[in-house]
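Novice: Handing you this structure, nothing more for now.
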Amino acid sequence: MERKRVLSGVQPTGALHLGNWLGAIRNWVDLQISHETFFCVVDLHAITVPHDPAVLSENTLSTAALYIACGIDPKVSSIFIQSQIAAHSELCWLLNCVTPLNWLERMIQFKEKAVKQGDNVSVGLLDYPVLMAADILLYDSDLVPVGEDQKQHLELARDIAQQRINSRYNNTKDRPVLKIPKPLIIKEGAKVMSLTDGRKKMSKSDPNEGSRIGLLDPPELITKKIKRAKTDQYIGLEFDNPDRPEADNLLTIYSILSGLGKEESTNQCKEMGWGKFKPLLGDVTVSALEPIQAKYKDLMQERTELRKILQAGKSDAEEVAQATLKRVHSALGLTCRE
Ligand code: TYM
């Protein structure tokens with residue numbers, strides 16, 4: 001039986017954090033066994049906001065290394081850099097021509113990011129979700145494992161594929177032009193919150209470094225950030241109390257990283273004060289990140305090996321992407337390519 005296909009990606013816009021790992025990459029690892037998996041570093045998305053070229057280039061390689069350090073096996077999965085496959089930009093253009101402008105203007109992330117850019121909002125930032133749709137649709141993806149914040153972008157990708165391509169241009173009788181993907185959002189960890197405000201998402205763009213734990217943060221820094229994390233006046237950690245977002249968030253992180261799960265961690269921490277809980281969470285976080293950091297260090301010392309992996313991923317990706325692009329060209333009447 002043909003295995004279902006998975007595609008996902010992370011932007012190389014700075015150090016990856018606990019949210020990226022728990023909400024996304026952690027799930028990719030399990031999917032490798034049962035699915036055909038493609039994971040890209042979405043560098044074209046990273047230039048939708050002002051960036052430093054040298055930093056971007058280094059972050060792109062380092063993000064790929066982190067995928068592997070987190071457990072993505074290059075022998076099983078195809079790991080590649082988005083900008084190396086020109087079909088992403090090309091399909092994005094084709095989808096741009098059928099996507100209504102107002103679908104993009106109502107995207108929550110666009111509105112949030114646009115506020116920060118003032119008068120300098122680029123067309124690229126508005127177009128970000130169409131490029132993301134192209135990433136997903138190019139690979140005939142069945143499932144897209146992402147954090148909660150990407151749900152709206154996934155819905156957009158589905159709408160573009162179904163309403164704007166398949167139902168208008170479905171001129172192939174045997175199969176639709178584009179496959180309709182489904183988001184895969186896991187229950188625990190799909191929305192890791194900021195350490196300094198339990199009502200705000202942990203984010204790479206938060207100017208306060210203390211709001212997030214970077215996957216490459218050294219142990220002392222992790223311990224310090226957790227020590228300074230926002231708390232409340234209550235004793236005992238608990239889940240799902242809307243008045244205690246910090247307790248819910250930190251206990252969620254603890255339950256995942258310790259491997260204890262919700263029930264056991266509730267039993268262990270329900271009468272524990274913050275003073276006792278925080279060192280415990282610090283230790284568990286440091287231990288969980290230790291093997292990732294060690295593997296990452298090795299990989300970054302073997303850059304030639306890393307580039308070979310990305311080259312192999314590129315050729316796997318290219319083959320699938322070209323086939324889809326050809327189908328879309330043909331459906332839209334761009335036939336002189338044949
Ligand atoms: P990015 O780099 O912002 O996020 C990468 C992944 O991490 C998840 N994530 C979180 N999960 C839980 N808690 C958080 N605080 C948190 N912050 C981020 C995101 O949901 C995402 O899964 N637009 C995408 C990148 C992208 C993409 C794609 C993803 C471009 N093309 C195609 C999938 C398929 C993004 O959010 O990147």
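Novice: Search the stretch 1-17 for residues being surrounded by fewer than 24 Cβ atoms within 10 Å (Cβ to Cβ) and more than 11 Å from the chain's Cα centre (by Cα), and hand back the single one that is farthest from G210 (Cα to Cα).
Specialist: Among them, the one singled out is M1.
Novice: Then there is this: Any residue at all in the stretch 296-307 that's assigned to a helix (DSSP H, G or I), among the aromatic types (F, W, Y) and closer than 21 Å to I81 by Cβ?
Specialist: yes
Novice: Another one. Looking only at residues in the stretch 80-119 that are of a type in the set (D, E, K, R) and under 24 Å from S57 (Cα atoms), which one is surrounded by the fewest Cβ atoms within 10 Å (Cβ to Cβ)?
Specialist: Looking at residues that are of a type in the set (D, E, K, R) and under 24 Å from S57 (Cα atoms), I get K116.
Novice: Among the numbered criteria (1) more than 23 Å from H35 (Cβ to Cβ); (2) within 13 Å of the ligand (Cβ to nearest atom); (3) modelled with pLDDT of 95 or more, which one does K113 miss?
Specialist: Failing condition for K113: (3).
Novice: If you check every pair at least six apart or on different chains, which have Cβ atoms under 7 Å apart with a residue in the stretch 57-83 that is among the aromatic types (F, W, Y) first and a residue that is not in a loop (DSSP other than H, G, I, E, B) second?
Specialist: Y67/I25; Y67/F39; Y67/I79; F80/C40; F80/L310; F80/G313; F80/K314; F80/A317
Novice: Scan the stretch 1-39 for residues that are small (G, A, S) and touching a Phe, Trp or Tyr at 6+ places or on another chain (Cβ under 9 Å) and report the count. It would help to see each step written out before you state the result.
Specialist: Residues of the stretch 1-39 small (G, A, S): 8-9, 14-15, 19, 23-24, 34.
In the following step, the residues that additionally are touching a Phe, Trp or Tyr at 6+ places or on another chain (Cβ under 9 Å) were identified as 8-9.
Within the stretch 1-39, residues that are small (G, A, S) and touching a Phe, Trp or Tyr at 6+ places or on another chain (Cβ under 9 Å) number 2.
Novice: Quick check on the stretch 74-85. Is at least one of its residues more than 10 Å from the ligand (Cβ to nearest atom), more than 30 Å from G261 (Cα to Cα) and either modelled with pLDDT under 95 or in a helix (DSSP H, G or I) (or both)?
Specialist: For the stretch 74-85, residues more than 10 Å from the ligand (Cβ to nearest atom), more than 30 Å from G261 (Cα to Cα) and either modelled with pLDDT under 95 or in a helix (DSSP H, G or I) (or both): present.
Novice: Can M193 be described as in contact with a Gly (Cβ under 6 Å, 6 or more places away or on another chain) and within 13 Å of the ligand (Cβ to nearest atom)?
Specialist: Taking the combined requirement at face value, the residue does not satisfy it.
Novice: Okay, moving on. Applying the selection to the stretch 211-229, what residues are without any contact (Cβ under 8 Å) to a residue 60 or more places away in the chain, buried (at least 17 other Cβ atoms within 10 Å of the Cβ) and more than 13 Å from the ligand (Cβ to nearest atom)?
Specialist: Passing the criteria: K225, I226, A229.
Novice: If you don't mind, there's one more thing I want to ask. Quick one: how many residues across the stretch 224-279 are closer than 21 Å to K187 by Cα, among the aliphatic types (A, V, I, L, M) and assigned to a helix (DSSP H, G or I)?
Specialist: Of the residues in that region, 6 qualify.
For every residue, the table says whether it meets (1) in contact with a strand residue (DSSP E or B) (Cβ under 8 Å, 6 or more places away or on another chain); (2) within 11 Å of the ligand (Cβ to nearest atom).
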{"position": "M1", "(1), (2)": "no, no"}
{"position": "L7", "(1), (2)": "yes, yes"}
{"position": "P12", "(1), (2)": "yes, yes"}
{"position": "L16", "(1), (2)": "yes, yes"}
{"position": "W21", "(1), (2)": "no, yes"}
{"position": "W28", "(1), (2)": "yes, yes"}
{"position": "C40", "(1), (2)": "yes, yes"}
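Novice: Here is a further query. May I ask you to list the residues in the stretch 53-79 that are of a type outside the set (A, V, I, L, M), crowded, with 17+ Cβ neighbours inside 10 Å and farther than 20 Å from S34 by Cα?
Specialist: If the condition is that a residue be of a type outside the set (A, V, I, L, M), crowded, with 17+ Cβ neighbours inside 10 Å and farther than 20 Å from S34 by Cα, then N59, T60, S62, T63 are the ones that fit.
Novice: Please specify each residue of the stretch 43-59 satisfying the condition of being within 15 Å of the ligand (Cβ to nearest atom) and closer than 17 Å to Y128 by Cβ.
Specialist: If the condition is that a residue be within 15 Å of the ligand (Cβ to nearest atom) and closer than 17 Å to Y128 by Cβ, then D43, L44, H45, A46, I47, T48, V49, H51, L56 are the ones that fit.
The values are calculated or read from the model by the stated rules, or taken from the named source; none is laboratory data. Because the structure is predicted, anything quoted here is derived from the model rather than measured. Positions of Cβ are backbone-derived with ideal geometry, glycine not excepted, and every protein chain shown enters the neighbour counts.
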